[in-house]
Amino acid sequence: MLKENGILFDVTLCVGCGSCYKKCKEVNSLPQANNDFLKDHLSNNTYTVVEQYDKLYTRKLCMHCNEPACASVCLVGAIKKSPTGAVVYDGDKCIGCRYCMQACPHKVPRYEWSSTKPRIRKCIMCNNRVQEGKLPGCAEICPTEATLFGNIDKLIEVAKNRLKDNPEKYYQHIYGLEEAGGSHVLIISPVPFEQLGYVSKLPKESMPEFTMRAMEKIPSVVVGGGVFLSAMYWLTKRKNQIAKEEKNNTHGN
Amino acid sequence: MKINEILKPTFWKVVSVIIVTIGLVSTFYRFTRGLGATTNLHDMAPWGLWIGFDFLGVGLAAAGFTIAATVHIFHLHKYEPMVRPAILTAFIGYSIVVCLLVVDLGRPENFWHPLVMWNIHSVMFEITWCLICYTTVLILEFAPVVLEKFNLTAPIKYLRIISIPVVIAGVLFSTLHQSSFGSLYLIVPGKLHPLWYSSLLPVHFYISCIASGLSMIIFESFLIARAFPKDEGFHHTELKMNILSGASFAVLVALIAGFLLKSYDFINNGKISLLIKPSAETYLFYLEIITGTIVPISLLSFKKFREDKKWLYIISICVISGLILNRLNVSITGLIASSGVNYFPSFDEISITAMLVVLGVFAFRIVAKNFHLFEAAESHETVKERI
Amino acid sequence: MVAVFVLAVFLFIIAADIIVLKFQGKKHPAFATAIPQYGSSIHDENDISIPSDIIISKGHTWIKFGRDGLADIGIDAFGAAALGKMSVVKCADEGKEIKKGEIIFEGSYGDKTVKFLSPVNGFVKAVNSNIIGKKISGPYEMWGIKLITDSKENKRQFLSGNEAQNWMKNEFIRLKSFIENFTPDTGLAGVTMYDGGKLSDELASSFTAEAIANFEKEFLSL
Ligand code: SF4
Ligand code: SF4
Ligand code: SF4
């Protein structure tokens, strides 16, 4: 966990200005789709949204899972977990099977349905900007520092301290720390997370775990099955032979 | 075949031509306008009818490996007459599946990427490779039929030598990808309705494909007897009831195994309470279990029904219906609740699917008419066994 | 919903096909009263059950070795019913020597005559004149000929008990495809032959001489 970066979003600090929404579109050259940013939702031209729940505002974006389901299912490896912590996408490899959309526990990836050369679209934690030494668009623009970008271990520390220092202000849970094996986007809020439209009740194991349990049986199935079938082939053949010989004996000629 | 005989319109010919024409237009739109314009798929329902149909096609084509194993590995030569139709069915079924997959891909021109870009952790990757390998196996298994038509005996000899390893490989590849279609959904425990989600999904898929693949072959025997009648000059197309009853017994065993596994799964994971929760999913689940498992098991338990062709026909339809419901429930119904949107396939999705099915049937017909599909040249063993 | 839709389409097509066939005046094979293999009297369990003291020759004659050194020989259930009810036309002459493979009976199905071959060597001691011209009903009670035969005859080439029954079952199955291949009009065969599950006597009349010769070769040779 050396240089892995992440994002910490603090619902209590967010004022719902929508700067991150606009800046994200700007840095990723995504077209403006909706005048009222609060009414927009994740789509092929929106990587992040600001949503209003009563007096609270929260953001939705790709969680950049530690062991991303989307990357594990992508048969051509178009989605990858980069060493910087971001989960990035290579549209030239993608064949468009959309298994990543199906697999993502946070229902994040979107697809360019109307295009004839469609791509998967989702937040990539501004990986290019980060590698150039800049902050992600949303973190750079955020006026209240509700969105923080930095080393993931430090962010976890920060989040834990905030929860500890202001127990009455925060709901005592860091969303993203353990959800689906943990992620590189962490969210803290004053209310339980299902009230903010997050997918709750996610298992603690990473999603690829579920598949691995079945996949790791494959070698033994192949070997065992191969041996079993060969044995059966030989045995039944032998049995038929013996039966035939016996028949021949009993019938003479 | 005289030209005017081919052109003579019959009901199904007219219907087929209409379906294929519409399907071709839809295919054209699909590739020129993209998925969004022609399908009802969207971000919350990324997989639809096409993927569901792939599940069906693969499940129903399972007889290809079960029958091949029965005859060549377990040496039950009684079932020899089923081998060729089963392998052809499997091949055509898989061809339909592959075509549908390509149609469904957002970037069909990149379909070859999995060959060079590997991610061995992906179930989809494993399925793709198994599909490729198994289709090769099917070609090898069916090649003798084609070669013998053109009197090319030399290659047949070589194929004979490798035939057993090929059959074994076919069984293994099938086992892997049939179950892996279930594994595809292992990664969505939160999304797939718990009535269907289970860590045993791959095993469920494997067992049910055996039952339904065999039922499909039984059903197909009726289709063959109906489509290639004796008075049109076909031989050996009549119903071979002793074989069909034997196969139906295997269906019974597989269905019971599947049912026991499902019961175990429900009891062990405390899912019983789900059964009394009224919801659309529950009703569909009951429909699936009753038509696909309970009714066939209770009928097949009686020898009388196993040996009566009318009932066998009805039972095979039941089992196939059960599979249709099961696979589409897993791939579509079970995901609706968690996605929060309703999905129903668009006209183009349906017409392209229908077109591919019709073309598959057509391909089967052509092969059946031109090759020795039914009078399997009896292997030496068969002849010897009969003495 | 999609699941129900696809299922409905599937069932609709099956139903439509049955209706289309009806319009064409044909019957779907699943519902046609075609040739049954099970459950019809043609190979009812009763019909093929074989008394334990009887052995069957592959030429469809049966033999019962008596204690007196005489062998009763008759025609088995298959021979008695294969192409309709059979009646015995001729038996080998009394007092004559007969070799294995020589003609021992001639029987007729309607207007077609077939020959049965003697399964053993022997000397014809008696002929059952009662059976000539009659239709065979209880095949294993109606002996046709008593032979004095070398009792050291290799009994192993004959079948008995379960094995004989299975073989007989198989013969009926073989017969079915034989009939299908040699009847010019399947429709006729389907209806007349197994009318109500019973064999009809007219079946043989639709056979050509060549077909009968083939039948003898396929089923009555030793
Ligand atoms: S939130 Fe979804 S899209 Fe983002 S990394 Fe995790 S699995 Fe992938
Ligand atoms: S749609 Fe593209 S990125 Fe997503 S899993 Fe398929 S190939 Fe990978
Ligand atoms: S990290 Fe970059 S891509 Fe992701 S939401 Fe922020 S600005 Fe958009």
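The values are calculated or read from the model by the stated rules, or taken from the named source; none is laboratory data. This is a predicted model, so every value here is computed, not measured. Heads up, the Cβs are rebuilt from the backbone with ideal geometry, glycines too, and the neighbour counts pull from every protein chain shown. Note: accessible area is taken over every heavy atom of the protein model, side chains too, but ligands, DNA and RNA are not part of it. Shrake-Rupley method; radii C 1.70, N 1.55, O 1.52, S 1.80 Å.
Some notes on this structure:
- Per residue, the convex hull volume that the Cα atoms of chain B enclose (Å³): 164 Å³
- Apolar share of the accessible surface for segment B:1-84: 72 percent from carbon plus sulfur atoms, 1.4 Å probe.
- Reachable lysines from C:LYS26, criterion Cα separation under 28 angstrom, eight or more residues apart if same chain: B:LYS2, B:LYS8, B:LYS13, B:LYS230, B:LYS240, B:LYS304, B:LYS309, B:LYS310, B:LYS369, C:LYS176, C:LYS198
- Interface C:B - total buried accessible surface [probe 1.4 Å, Å², rounded to 100]: 3000 Å²
- Ordered from largest to smallest accessible area (heavy atoms of protein chains, 1.4 Å probe), the residues B:THR353, A:THR84 come out as A:THR84, B:THR353.
- Base-10 log of normalised Debye intensity for segment B:314-378 (one unit scatterer per alpha-carbon) at q = 0.19, 0.20 Å⁻¹: -0.97, -1.01
- For B:LYS369, the solvent-accessible surface computed with a 1.4 Å probe is close to 80 Å², ligands and nucleic acids excluded.
- Within the accessible surface of segment C:72-129, defined with a 1.4 Å probe on protein heavy atoms only, the carbon and sulfur portion equals 47 percent.
- Sorting A:CYS74, B:CYS99 on solvent-accessible area from highest to lowest, probe radius 1.4 Å, gives B:CYS99, A:CYS74.
- Accessible carbon and sulfur surface of segment A:1-217 relative to its total accessible area, %, 1.4 Å: 51 percent
- Partner lysines for A:LYS237 [C-alpha distance under 17 Å; skip if fewer than 8 residues away on the same chain]: A:LYS247, B:LYS78, B:LYS384
- Just checking the listed ones, B:THR128, B:THR333, B:THR175: in the Gaussian network model of chain B with Cα springs under 10 Å, the one fluctuating most is B:THR128.
- In segment B:39-59, the residues whose accessible area drops by at least 30 square angstrom when the other protein chains are added to the isolated chain are B:ASP43, B:MET44, B:PRO46, B:TRP47; the probe is 1.4 Å and only protein heavy atoms count.
- Mean ellipticity per residue at 222 nm, deg cm²/dmol - from DSSP H runs of n ≥ 4 across chain B, formula -39500 (n - 2.57): -22500 deg cm²/dmol
- Cβ-Cβ FRET estimate between A:VAL191 and C:PHE5, R0 fixed at 56 Å, reported to 0.05: 0.85
- For segment A:176-215, a reduction of at least 20 Å² in accessible area between the chain on its own and the assembled protein chains (probe 1.4 Å) is found at A:MET207, A:PHE210, A:THR211, A:MET212, A:ALA214, A:MET215.
- Accessible surface for segment A:1-106, divided over its residues, is 38 Å² per residue with a 1.4 Å probe.
- B:GLU109/A:LYS55 FRET efficiency (R0 56 Å; Cβ-Cβ; nearest 0.05): 0.70
- Mean-position separation - Cα centroids, segment A:1-78 and segment B:33-49, in angstrom: 23 Å
- Degrees separating the helix A:152-165 axis from the principal Cα axis of chain A, which is the longest one: 60 degrees
- Inter-label distance for B:ILE290 and B:PHE249, nm, one decimal - labels placed 7 Å from Cα along Cα-to-Cβ: 3.1 nm
- Residues in segment B:61-85 that a label on B:THR153 would reach, taking backbone N under 12 Å of a point 7 Å out along Cα→Cβ: none
- In Å², nearest 10: area of A:MET232 left accessible to a 1.4 Å probe: 50 Å²
- The alpha-carbon atoms of segment A:1-217, seen along their principal axes, cover 47, 45, 34 angstrom, with the largest extent given first.
- Interface between chains A and B: roughly 4800 Å² of accessible area buried, both sides summed (probe 1.4 Å, protein heavy atoms only).
- Euclidean distance of C-alpha centroids, segment A:102-173 and segment B:169-187, integer Å: 36 Å
- Surface exposure of chain B, expressed per residue as accessible area with a 1.4 Å probe, stands at 41 Å².
- Ordered by 1.4 Å accessible area with all protein chains kept, B:ARG107, B:ARG30, A:ARG119 run largest first as A:ARG119, B:ARG107, B:ARG30.
- Residues of segment A:81-105 whose accessible area (probe 1.4 Å, heavy atoms of protein chains only) drops by at least 10 Å² once all protein chains are present, relative to their chain alone: A:GLY91, A:ASP92, A:LYS93, A:CYS94, A:ILE95, A:GLY96, A:CYS97, A:ARG98, A:TYR99, A:MET101, A:GLN102, A:ALA103.
- Label-point separation, A:GLU245 to A:VAL223 (7 Å along Cα→Cβ), nm: 3.4 nm
- Inter-label distance, nm, simple model (7 Å from Cα along the C-beta direction), A:LYS164/B:ARG160: 8.0 nm
- Taking every protein chain into account, the 1.4 Å probe leaves C:ARG174 with about 90 Å² of accessible area, to the nearest ten.
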